[in-house]
Every structure is written in structure tokens, then in C-alpha cells.
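Student: Have a look at this one before I ask anything.
The values are calculated or read from the model by the stated rules, or taken from the named source; none is laboratory data. Remember, it's a predicted structure, so these values are computed and weren't measured experimentally. In this analysis, Cβ positions are derived from the backbone assuming ideal geometry, glycine residues included, and neighbour counts consider all displayed protein chains.
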Amino acid sequence: MTHSLTLTVNGEEKTVALDDPRVTLLDLLRERLGLTGAKKGCDRGQCGACTVLVDGRRVNACLTLALTVDGSDVLTIEGVARNGSLHPVQAAFIAHDGFQCGFCTPGQIMSAIGLMAEAGPLDDPERIREGLSGNLCRCGAYAGITEAVRDASKILSGKGGAA
Amino acid sequence: MKRFAYVRPSTLDEALAAGARPGAAYLAGGTNLLDLMKTGARRPDVVVDITRLPDLSAVTVLEDGDVRVGALVRNATLAADPAFARAYPAIAEALLSGASGQLRNMATLGGNLLQETRCAYFADPASACNRRRPGTGCDARGGENRLHAVLGWSEACIATHPSDLCVPLAAHDAVVEIVGPAGAREVPFGEFHRLPGDEPQVTTALEPGEIVAAVRLPGHGKAFAPHARYLKVRERTSYAFAVVSAAAMLRLDRGRIAEARIALGGVAARPWRAAAAEAALVGEVADDAAFHRAGELALAEARPSGENAFKIELGRRAVARVLRLAAAGTPDFAPALPASPFASTTGVALHG
Amino acid sequence: MAETLPIRETAQGSAHARHGSNIGQPVTRRDGELKVTGAARYAADHRPPGLAYAAMAVSTVARGRVAGLDVAAAKAHPGVIEVMTPANRPALAQDPDAKHHPFMFRMDLLQNDRVRYANQPIAVVIAETLEAATEGAALLAPRYEAEAPAATLADGEVFVPRAVGVGSPADLAVGDVEAGIAGAVHRVMATYDTPAQYHNAMEPHAIVAEWTGDGLSIDTPSQGLAMARGRIAGLFGLKPEAVAIRSPFLGGGFGSKGMLSGPQVLGILAARLVGRPVKLVLSRAQMYGPVGHRAPTRQTLRLGADGEGRLTAVHHHTRTASSRFDDFFEAASDVSHTVYASPAIRTSYDAVRLDTGTPLFMRAPGEAPGSIALESAIDEMAAACGMDPLAYRLLNYAETEPMSGKPFSSKALRACYEEGARRFGWEGRPLAPRTMRDEQGLLVGWGVGTATFPALMFEAQARAVIRRDGRGIVETGAHDMGQGAWTAFAQIAADSLGLDIDAVDFRAGHSDLPDAGIAGGSAHTATAGMAIHHAGAAVIARLAELAMGDERSPLFGAGNAGVVARGGRLLRRDDETRGETFSAILDRAGLAEVEGKGSSSDGGPAAGDYAKHAHGAVFAEVKVDPDLGQVRATRLVGAFAAGRIVNPHLVRSQYLGGMIWGVSFALHEKAVVDPRTGRVLNADLGEYHVPVNADVPSLEAILVAEEDPHVNALGIKGVGEIGVTGSAGAVANAVWHATGVRVRQFPIPIEALIV
């Protein structure tokens, strides 16, 4: 049985005919929609590399069946930069060297953007660390990540709110 | 993952009809079911997506003061509800100590009650597990079992229930509202999860096809709000299941304990209510001596199921500690590291 | 096609002030924008037309044979194209069990029905979709004839390996260790256990392989492109030139992508079998077997010291394990060759064979487990002598390398101790353990560890070109696994050509480019960097030759005075007002470009005369709940000296990452093996604990200045692995200082601290 699935991805409405209900949101993005920014590190919700926002909330795309987000708004790393200019979190990750190999980075950034939406301005580094502990980084770039998110939060709250 | 039929009912009746099909499984947050479908431990033929069902996503204060939390309320949503967190702070703290920000956004209250043990042998279809496949044996016995049960286990199964949320729910005498083909019914929280006995595959009071609709918290529980904490001992500072956890709630009257509630997590196949310890605390001065006695009583019947005797002493200490934290008072804000022994660490330097 | 980073100039990119030299500048990553936008393409991100998906079925027993596979069930699943088993696997030109040199590791390529470790590939299912391939593999439902496996260091027959690590002797001594211990005033004898660990790069091994006529086109992560190409060419009977591998980005390697692994070859075989491009990506669980790991060790340290605390003898013995079918022995004892002065030192090894995948290099191989044991034992000796652990280390400071007697090429370790201790606030540390508490009553402990890692050089080649438009092109098949190759090599390349970094196109990450050696042993920047340096110099020399021989050039006859390249110009060294642009020289010569080649190898004429190592000192604070035993590494300060620093921004990240690995070694990560079955029970990222952000709240790395005239012309030592060493021991020692409990089992289990 083919299911029809409509969702908005990075602001663009897409209708997908899905012949297999087993397809996760992550595999839909990566293998069928060509959006490979979200990464598969564990496929079990244990690493956070697949983090995307669904209706503004950060989730593990690997543990989300694509059919369950029918009608939702999905934001991936590819949709974060606007008009060619980086989101403040992205820019801060570069400035603070908040990554090395870069594989966990899309998930880290989406998680950070989601965290800001959940928690508001993030001044306490301890809350940033806890809030991003669902995103593993084997290279060990946590110091730069925490600094980047704190900096970006300052910039964003100065403008009157998170992304 | 085995092939399955996906159905997304929009009414409860449709859901129950779909749930009555052979090999059906209800899907809500998916954080546990989908994971087990990937390891092969669960192979449903029909996945019934109940996330669009109406009326299961609300937090409602009932006329009698009880609070009803719909089964589809997400963990993060409940923890972030300021009125709820003020009324039931230990529940909020337990919610925030669980899993990760992403998973808390996905996981639901009902799914949390129904989540499976994290025993490695359960998740692995190639291992013997009476809980997954009755009669195959238990590879955890004599295998890797340092984090397994010390209370209420049987020769057939030594698994633990991994939930944080369920620990303070047990302490609150919550009631589980269930709907099913035979209508609606209620089960006291303490009777919802089953100890393994000879039938470890029967993990809850839920009958086939039934759905958890809501959890009702007695309004009386709000009286504990000034003295309610959750403590979770972990092998990582965050994003790890409990080695042992404990919830404590106290009503104090001029330094003496008027009422106490204690439950433990990670020690048994269900959240473990420590009734004898609670009773012994009533009328006592709220001091460390009383808390240590409560810890002893809470684990009085504990015995190791393998290389895990340390969890008995750890459980005693966790109970004593969480009682002390509760007596000291619920903090105004959730700690940066909820339920952590390092929770109140303040002024930690930013990286240099 | 060479991989060239599509750099888009951004405000961040051009804002950095540069003062002459590119090397030494804290340039942000040139691949930064690609990585933060999701545009960086890793192997599994590729999806060529006609792609089929492959999934491996892996063994759930550790030893025995596959007695049956339900191929029909798998094939009956909709979308399944083919099932590859030993019965139909395409032929190979080379036996996967052949071993022509010690670092040609045996692979499991469905050559027979034997199972020699858990998670060994036993079949591959190829399907139209990922979902079908994955379920097809599950439907094979293998039956086994299982045999009892050897699973732990307590199992099996103990033997002495012929060599350990990279050809190091299994028994080596200087002085009389037994006499040194017999005559000692203080003695320490202690045994330390370290577990099997798995690299667990965030990116699982992956390959997209496509046969093109007689050739092969591959996307797969590699820390050693030329070696991988050679291995593939050998296995398939191809000319190396027929194999093209693209690996512009690795999602981490840590050693596990240094050698081509079996599953990557299975992806190529699957593509051949179905005649279509195939993507094969390992599941996280499948990373625990066929792609290497760090073997467990049990290390026994015997130390003697005189009345003042000076070491009289050090015996460092390691028991470790290799697989039953191949050789790799974790050289944990060898760290004792280098760190502390002693008139008598012996390092020795024995080993058992286990039914596991073959162990492999894993970040700081040898040094990581060796260092945590040695640093713990040294701490125990300091305590036995009643001395401060830092003072004790200074008392036993090695002025020359103890085992070899050679002078160090450079060693700023004293400055590391000093600067690290000052920044950490070590002064005033109470000698006795379990004496510090924080305001909430948590136990506080401080520990120190000495960091060290060899400064190695391998062989590499590079090619440099200057074009008539004044731009430079530098090529080497270098590997960026996160250390910053795209940036650091561009900096070296720019300096080698006397160009601004923005005027250089740096190409890397492709097997068609000159062999950049291997990104391992913390040697990549020095090795490929020196090849680039020489290639650049060769181009400049060619340009100078053109100019100085041309009487129309202002450089005509500069001859003995020589020229210098800077800012796209050649200048007379004795009079820098006289010079001209590269473009002018090429214009006049009527040349479109000039080319130079460079190579590097291990050291110059004096290389063997020196002991070459990077050094550091790591100071750690831990807090421990006095009742509950939970530990947090609350603060780490590491001070490291590693010669010339190409890019402090990136080097700091390497140190901090290594320090987190040290925290992980001491407190968190461990493969839990069922001794009955030899299976890893936590083959995931949920229960195999690597640190999360909240585990490492405060980290600081100090870059201690050091000049080394001997390691190579650029003075570069490696920085990628040293951070692990020292850190693990510092954390372990801090746990002792916090609790008074000396735990000799890693990671330190919570039950050891419930006292």
C-alpha cells in the first residue's frame, strides 16, 4: 500500500508517495529527498546526529517514522542559513571551533537552535551542557560548542529572541 | 525492521479496532518501540499510530483537585508546564533527568509507563530472554548483570524498569486510566507494573488491545510540593539510565515528619515503593539518622541477582540522600543538572 | 577529478589579520561553512543514479561456522535483489587471509563459512531500498555450529609475541631492574586493568562503490588513501590507477579508518555482484567487530625508589590480546621507555588470543592504556614517598630518554608542568587524600599526569604549481578527519609558495593525488606538511632559476645572495626592494605554469641521534559524591609542547578532544563482553558510554612554546593523540586524591567508590 505524505521541509511543501511505512524521517530526508545534512550515527536515538526540528521542536529523526510527521513542518540544517548568510549559531560554531570532523555538527546546531526555543536565552553554561548532552561528539569539541551556543544566544537575545 | 501495516486512526474507536488486529502495536512517541523494532526485539504486524487521537494530550485540573495528564502529553511539555511543575516538582525533576532534550520532546507519558527494560539480552533476539520469548531462559542470570534488579526479581527474570518518571508517579499513588475494547477502567499505579514471577512476559496490567489514556495524580500530592525531590545516580552526568534512583516527598510539621513518600528506580521490574520506610518515618524528627534508617528499611528485602550487591548499599544511600534533599526543601528553579548529585553545583567556570 | 574544497569567501574567512606568515595563525577552518550548513558530503551522503542498498548480516556467535542461512526468505522479501554469501561472492585476485607484510590485516570477505568473532560479516543483502536490505539481512536467520570462544584475558594460552605495536621488541631492558627493586627503599607493585574499547567515530564506516568498465569509483572514508587504493587493487587484481577513492571528509577515524576494513570491500563486491552502484553503511552495532578496537590490557608495574624518592627501577609488564587469526599487540609498556628517569627499566609483554576481531590502532595506541597505568603507579610511589605528585615527577624528570640514552630533540616539559600548575592553582594542594570538600560536601581531588607521544614522520609526496595568474595549486592526497587538514595544509602550502592563503588552491582527499601517507600516529601534519613544504620550495627554486638567469629580470644574477618568495613576489634576499611578481616571471618565460614536487620521509641525517616526542602536563580536578560514588571531572588544564604550532585554533581543539578521551578512558568507556559468548553487550552508543557535554564542564589547553630544530625543517610535532595521555592518569589520580581509594580498574566503576 502506498501512503501519501505531505510535509513542509525547510519552507517548501513536499508531497511524497511512500511505498514502505518503515521509512524513518531520517531515511526519508537522506535517501529520498536528497537532504543529507542530518546524519545517521546510531539509528537508535543514542547520539543526536540526526536531530531536526519538527514543528519547531528538536527530535531524533532516526526514531521518527516518516508517516507520523504527515502535515508537519520540518527544519533541517540545510534550511537554517537564510539568503546566503549563516545563522548566528552556525557562525559561532565556526568562530569557536565547535566541531572537528563535522559529522555531529548538523545535529549539534539543530539541537542548539531547538534548545534556545525551549529555554530562552542561555547564559548558564551548565544549562547549555545539559541541554546539549543528547548530542554526542566523539572528537570532543564540547568546549567550543558550549562557547558557541552561549555567544549565539547573546546575539539572538539581543535582537529580541531566539530563532 | 519487519514489514508492517501502518494505520493512523483519528478516533478512539478506530484505534481500538485497529489495536485488536493480530500483531498490533500502538505507536506514540516511538522512542522505545521503534528502537526495539530495529533491534528485532519487537516485530509487530500492524503499527497503530495513536498520536492524532483527540483528548489524550491535555493536562487538566479536575474538580476534586486531582490532576489528569493525558497519555500523549510529551515528557518535555509536562516538565515545562509551570503550574504542573510547581504542584509536582519531583515529577518535573524526574522528567528532566531522563534521556535527552530530543527524546523528551518525543516521548509520551503513556509510552514512558510502557517502556521495556534496558536489559541487553532483552533487546537482542539472539539471546535467551524469558521476558521477550517465554521459556527460552535468562542470559542475564550468570551473564552481565551488574545493573540488574535487587528487589522483586525471580529466577525467570532479573530485569529492571528503566523509567525515571514512573518513580515519583509511584510515590504519588497515581492512578492509571485505561481504555480498551471492554471499556474504560482504572488501575492503581502500584498495581500497573508487574513483578516477573513465573511470567516475566506479562509486564503490566494492560490487557491486549488496551491503551493507557491518562494518569491521574491525587490533588493531595500537592501538599508535598515544598519537599519533593528526585535523585538519579548515573555513570554519565547526563543521557544515561539510572544505576539507582529515588524519589522522596515529605510533609513536615515543626521539624517532624507528618507524611513521607519514597520510591526507588532501577532496582526492580517496577518502580519500587518503600512503604515500610515511609511508615517508619512518620512522627520522626527529619534528620540524617531517620533518613538512614529509612534507607535500611527500603532495601531490607533486597538481595543481589548477580554481580550487583553494590546496588543494595547504593539504594540505601540514595534513599537517605533524597530524603535529606527533600527535607531541605524543593528549589525554586529546576537545577541545571536535574536529579544529579552535582545538581546544585553553581558557578561552574566556562571553558578557559 | 581532484577534490577541491569549494571555499566561499565569508566575512569570517577574510577577517583574520595575518602578519607575514600563514603558519602560526589561528585561521578558522576553511571547511567550516560546509560543515555548519550540512553541505560537507561524507561517504554515505552519496546517492548515484541506479543505487542499490546493501546491508550486512553479521554473526551472533564468536566462534564456529555458519551452518545455514535462509537465503530464500531474504530473497522473497520485496525489493531484495540478491544475497551475497560464500556460495556466490565474486572472485577475488588475492586471498583475504594472505599477509604480505605485518600491516596487511586479514579480512572477512565471505571466503568460507568460518566465524572467528562476533559481528563478523556472514552475508550481504542487496536491495532496492535500505529498508528491504536491512530486513532481508534479518530474515537470513543464520544457524551456527558454535564453539566455545576465548573472550577475556583470563582465557587461553599465554605466549610472548614476536613484536608489539609497530615492530617494537616484546622485551627490552636497560640496567638491572631486579637489583634496582631489591635495593629500593620504597617499592610499588600494582596491577591495572584496562578494557576493550571501540573507536566509535560518529560516522559509521560506509562505502558507495561503482564499477565503471574495468575501474572502480568509490566514496569511502579513509585515513590512508594510497594504502586503501593499493589494498583494493591487490584484492581485485586491478592497477592502482583504475581505483578512484574520494574521501574529502571523514566523520572521525581515530585509527579505525587507517586500514581498509572488510566491510568496505564487501560493498565493492556487492556492487560487482549486482552490476550497480551500491551503498553499504555499517550499523552502529556492526562497528563492534570488523573495524578494529583497542585490546584490553592487564598491566603490572613494579617500581623501586631510593630514600629520596628517585626511581631505581621500573618494570612495566603488559598482558594483552590479539585475535586468533591475526597479530596486533597493544604496546602499552613502551611509554615507560620515555617518561621517567631510572637507571634500570624493563618493558615486557605477553598475550593471549581471543575470538574477537583483530585489534587495531586506536587514538594514542599503546600510550593511552600505558600512560594511565604508569601515571597511576608513579602517583602511588609519590604517595609511598610522602611527596607531592608534581614534585615527584620533577624529581624523576628525564633529561635524556631513559631507555635509549639519547638526548631529546626538544623537551619543554618543565615549562608545561610550571604553566599548567600555575593556571590550575596546584599550589597548596593537601598531600593527604580525602581532605578537600566543596561547599556542598562533595569530595574534591586534584591529580596530575605527564603526557607524551612520539613525534613521528612517515613518507609522503606533494605537488605544487604556480600559474601565470599568480595563483598556486598544491596537491596531496591528505585526509581531513577533523584535525583540520584542509586548513593547516593550506597554511603550510601558502607559506611554501610565498602566497597569501587565499591565493592557494589546496587539493586533498582523493586517491589520484600524490600519496600523503597515512593520517595516523599524529604524524600527518608533519609528514604531508613537509612534502608540501618541499614541493613549494621546488616551485620557487624553478621560478628563481628562470628569473635569475634572465637579464631582463631585476633578480638577474642574484645568485649567491639568493631570493625569497613573499606575497606572490620573488625578492632579492640582500635587497628586498628588488623583485618581481611570479606572474611577470612566467609571462616573460612564456610559461603557463611551473611545477615542483616534494616528498618527505622520516627525518634528516641526524634524525636517529635524537629522541623525538611531544610532551605535556595535565592537571585534573574531580568531584566525587562521598556516599553515592558518582564522579565528575570538573576541571582539566593541560599544557602541551609540540614544537611549531601550525594553527593554534585547531591545535587547541585537538588537545581538548584528546583530554576528553582521557576523561573517557578513566571514567566512562568500556566494551562489556559476555565471557560466555564473547559478544559485546553494549554494542551501541547508549550503554557504551563516551562523555557527553555535561561530563566535561571546564577544559583548558595551554600551548607552550617550543622550538625543535631536529624533528623536521618546519619544527612540527604531532598534536592529535598526546591529549589522551596524561589526562587519563590525571583523572584517575584525582579520584584517589578525592576519595583515598586507589582504583586500578578502568573505567573506574561506581561500586569501587561506594565505601
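Student: Would you point out the residue of the stretch A:128-163, among those that are basic (Lys, Arg) and modelled with pLDDT of 95 or more, that is farthest from C:Ala40 (Cα to Cα)?
Tutor: Across the stretch A:128-163, the extreme among qualifying residues is A:Lys154.
Student: Under 29 Å from C:Val83 (Cα atoms) and aliphatic (A, V, I, L, M): which single residue out of C:Leu110, C:Leu153 fits that description?
Tutor: Among C:Leu110, C:Leu153, only C:Leu110 is under 29 Å from C:Val83 (Cα atoms) and aliphatic (A, V, I, L, M).
Student: Let me ask you something else. Considering only residues that are surrounded by fewer than 18 Cβ atoms within 10 Å (Cβ to Cβ) and closer than 16 Å to B:Trp153 by Cβ, which ones fall in the stretch B:279-311?
Tutor: If the condition is that a residue be surrounded by fewer than 18 Cβ atoms within 10 Å (Cβ to Cβ) and closer than 16 Å to B:Trp153 by Cβ, then B:Ala300, B:Glu301, B:Arg303, B:Pro304, B:Glu307, B:Ala309 are the ones that fit.
Student: Now for a separate question. I'd like the full set of residues that are among the hydrophobic types (A, V, I, L, M, F, W, C) and under 26 Å from A:Glu12 (Cβ atoms), limited to the stretch A:74-93.
Tutor: Scanning the stretch A:74-93 gives A:Val74, A:Leu75, A:Ile77, A:Val80, A:Ala81, A:Leu86, A:Val89, A:Ala91, A:Phe93.
Student: Does any residue of the stretch B:95-112 turn out to be at pLDDT 95 or above, touching an Asp or Glu at 6+ places or on another chain (Cβ under 6 Å), outside the structural domain of B:Arg273 (by TED's automatic domain parsing) and closer than 28 Å to A:Thr51 by Cα?
Tutor: Yes, the conditions are met somewhere in the stretch B:95-112.
Student: Taking the stretch C:52-99, which residues are in contact with a Pro (Cβ under 9 Å, 6 or more places away or on another chain), in a loop (DSSP other than H, G, I, E, B) and surrounded by 17 or more Cβ atoms within 10 Å (Cβ to Cβ)?
Tutor: Selection gives C:Ser59, C:Thr60, C:Val61, C:Ala62, C:Arg63, C:Leu69.
Student: Could you list all residues from the stretch C:656-710 that are in contact (Cβ under 8 Å) with a residue 12 or more places away in the chain, in a helix (DSSP H, G or I) and facing another protein chain (nearest Cβ under 8 Å)?
Tutor: Selection gives C:Leu656, C:Gly657, C:Gly658, C:Met659, C:Ile660, C:Trp661, C:Asp695.
Student: For A:Val54, indicate whether it is free of Cβ contacts under 8 Å to residues at least 40 places away in the same chain, surrounded by fewer than 24 Cβ atoms within 10 Å (Cβ to Cβ), away from chain C (no Cβ under 13 Å) and among the β-branched types (Val, Ile, Thr).
Tutor: yes
Student: Report yes if some residue within the stretch C:102-115 is surrounded by 14 or more Cβ atoms within 10 Å (Cβ to Cβ) and not in a loop (DSSP other than H, G, I, E, B); otherwise report no.
Tutor: Looking for residues that are surrounded by 14 or more Cβ atoms within 10 Å (Cβ to Cβ) and not in a loop (DSSP other than H, G, I, E, B), one finds at least one in the stretch C:102-115, hence yes.
Student: For the list (1) at pLDDT 95 or above; (2) at negative phi, I need the number of the one condition that C:Glu439 fails.
Tutor: Among (1) at pLDDT 95 or above; (2) at negative phi, C:Glu439 violates only (1).
Student: Hey, could you check the stretch B:99-118 for residues that are assigned to a loop (DSSP other than H, G, I, E, B) and either crowded, with 24+ Cβ neighbours inside 10 Å or among the hydrophobic types (A, V, I, L, M, F, W, C) (or both) and say which is farthest from the other protein chains (Cβ to nearest Cβ)?
Tutor: If we take residues in the stretch B:99-118 being assigned to a loop (DSSP other than H, G, I, E, B) and either crowded, with 24+ Cβ neighbours inside 10 Å or among the hydrophobic types (A, V, I, L, M, F, W, C) (or both), then B:Thr117 is farthest from the other protein chains (Cβ to nearest Cβ).
Student: Still on this structure, please answer the following. Look through C:Thr300, C:Thr318, C:Thr356, C:Thr312 and report the one residue that is over 19 Å from the mean Cα position of the chain (by Cα) and closer than 20 Å to C:Gly167 by Cβ.
Tutor: C:Thr318
Student: Further question: Take the residues of the stretch C:605-622 that are at pLDDT 95 or above and out of contact with any helix residue (DSSP H, G or I) (no Cβ under 7 Å at 6 or more places or on another chain): which is farthest from the other protein chains (Cβ to nearest Cβ)?
Tutor: The residue in question is C:Tyr610.
Student: Has the stretch A:98-105 got any residue that is more than 24 Å from B:Ser97 (Cα to Cα) and within 13 Å of chain B (Cβ to nearest Cβ)?
Tutor: yes
Student: If C:Gly79 meets every condition in (1) within 32 Å of the chain's Cα centre (by Cα); (2) within 13 Å of chain A (Cβ to nearest Cβ) apart from one, which number is that one?
Tutor: The number of the failed condition is (1).
Student: For residues that are free of Cβ contacts under 8 Å to residues at least 60 places away in the same chain and within 13 Å of chain C (Cβ to nearest Cβ), tally how many sit in the stretch A:62-74.
Tutor: So the count comes out to 3.
Student: Hey, can you tell me all the residues within the stretch C:360-415 that are out of contact with any helix residue (DSSP H, G or I) (no Cβ under 8 Å at 6 or more places or on another chain), assigned to a loop (DSSP other than H, G, I, E, B) and aliphatic (A, V, I, L, M)?
Tutor: Matches in the stretch C:360-415: C:Leu360, C:Ala398, C:Ala412.
Student: Hey, any hits in the stretch C:33-45 for a residue that's among the hydrophobic types (A, V, I, L, M, F, W, C) and surrounded by fewer than 16 Cβ atoms within 10 Å (Cβ to Cβ)?
Tutor: Taking every residue of the stretch C:33-45 in turn, none turns out to be among the hydrophobic types (A, V, I, L, M, F, W, C) and surrounded by fewer than 16 Cβ atoms within 10 Å (Cβ to Cβ).
Student: Do we find that C:Leu413 is surrounded by fewer than 17 Cβ atoms within 10 Å (Cβ to Cβ) and of a type in the set (A, V, I, L, M) in this structure?
Tutor: In short, no.
Student: Working only within the stretch B:17-38, note down all residues that are more than 14 Å from chain A (Cβ to nearest Cβ) and crowded, with 20+ Cβ neighbours inside 10 Å.
Tutor: B:Gly19
Student: Still on this structure, please answer the following. Across the stretch B:1-19, what is the number of residues that are in a helix (DSSP H, G or I) and in contact (Cβ under 8 Å) with a residue 40 or more places away in the chain?
Tutor: The qualifying residues number 4.
Student: If I go through the stretch B:48-66 residue by residue, how many of them are surrounded by fewer than 22 Cβ atoms within 10 Å (Cβ to Cβ) and either modelled with pLDDT of 95 or more or assigned to a helix (DSSP H, G or I) (or both)?
Tutor: Adding up the residues that qualify gives 13.
Student: Taking strands (runs of 3 or more DSSP E) that fall entirely within the stretch B:158-271, which contain at least 3 residues that are touching a residue at least 24 places away in the same chain (Cβ under 8 Å)?
Tutor: B:175-180, B:211-217, B:228-233, B:244-253, B:256-265
Student: So, one more: Can you run down the residue pairs with Cβ atoms below 9 Å, 6 or more apart or on separate chains, where the first is in the stretch C:334-363 and closer than 14 Å to C:Val174 by Cβ and the partner is assigned to a strand (DSSP E or B) and among the charged types (D, E, K, R)?
Tutor: Here the result reads C:Ser336/C:Arg346; C:Arg346/C:Asp171; C:Arg346/C:Arg302; C:Thr347/C:Asp171; C:Ser348/C:Asp171, each pair linking the stretch C:334-363 to a residue that is assigned to a strand (DSSP E or B) and among the charged types (D, E, K, R).
Student: Which residue is nearest to the other protein chains (Cβ to nearest Cβ), if the candidates are limited to the stretch A:123-161 and must be part of a loop (DSSP other than H, G, I, E, B) and surrounded by fewer than 24 Cβ atoms within 10 Å (Cβ to Cβ)?
Tutor: A:Asp124
Student: For the stretch A:9-27, give me each residue that is more than 7 Å from chain C (Cβ to nearest Cβ) and touching a Ser or Thr at 6+ places or on another chain (Cβ under 9 Å).
Tutor: If the condition is that a residue be more than 7 Å from chain C (Cβ to nearest Cβ) and touching a Ser or Thr at 6+ places or on another chain (Cβ under 9 Å), then A:Val9, A:Asn10, A:Glu13, A:Lys14, A:Thr15, A:Val16, A:Ala17, A:Leu18, A:Asp19, A:Thr24, A:Leu25, A:Leu26 are the ones that fit.
Student: Now, a different point. Return only the number of the condition from (1) more than 24 Å from the chain's Cα centre (by Cα); (2) away from every other protein chain (no Cβ under 13 Å); (3) aliphatic (A, V, I, L, M) that C:Ile722 does not satisfy.
Tutor: The one condition C:Ile722 does not meet is (1).
Student: Just need a number here: residues in the stretch C:584-603 that are without any contact (Cβ under 8 Å) to a residue 60 or more places away in the chain and part of a loop (DSSP other than H, G, I, E, B).
Tutor: 1
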